[in-house]
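First comes the structure, then the notes that go with it.
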Amino acid sequence: MGGGHHAHEPFKIPHYSIYNNYRDFPELAAHEKRLAQVGLKDPWIRNYVYLFDRNYPQVYGQWAHFKKLILPGWKYGVGAAAALIVVEEIYSLSTKGHTSWAGHH
């Protein structure tokens, strides 16, 4: 039982101090400042760092995340597709005597 998840143990729990960088995010720093003006403090503010961290896709938007995933290989993909079409048409010309662009079937 357990679903075969034993390969990931023992779990490494990160130290809480790596999330104390909330002052690096203007939104969270402004939130802390507003709370301080009324005499309050948010002890859990570091738990919201991931919502404002630009390294996460939900922060900078789906379109930007899509472009980051797709665009680096776009040129190579278009080049490979064009090369494949050329090879296929040359093969078709050499075996059948015509290409798919010839207009007859």
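The values are calculated or read from the model by the stated rules, or taken from the named source; none is laboratory data. Bear in mind the structure is a predicted one, so any value in this text is a computation, not a measurement. All Cβ positions, even for glycine, are placed from backbone atoms using ideal geometry, and neighbour counts span all protein chains on display. The area values use the complete protein model at the heavy-atom level, side chains included, leaving out ligands, DNA and RNA. Shrake-Rupley method; radii C 1.70, N 1.55, O 1.52, S 1.80 Å.
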Does Asp42 fit the bill of being at pLDDT 85 or above and in contact with a Phe, Trp or Tyr (Cβ under 9 Å, 6 or more places away or on another chain)? yes
From Tyr48, Tyr91, which residue is touching a residue at least 12 places away in the same chain (Cβ under 8 Å) and open to solvent by 80 Å² or more (accessible area, probe 1.4 Å)? Tyr48
May I ask you to verify whether Lys12 is modelled with pLDDT under 90 and among the basic types (Lys, Arg)? yes
Checked the stretch 60-87 for anything surrounded by 10 or more Cβ atoms within 10 Å (Cβ to Cβ), closer than 26 Å to Trp101 by Cα and aromatic (Phe, Trp, Tyr); matches are Trp74
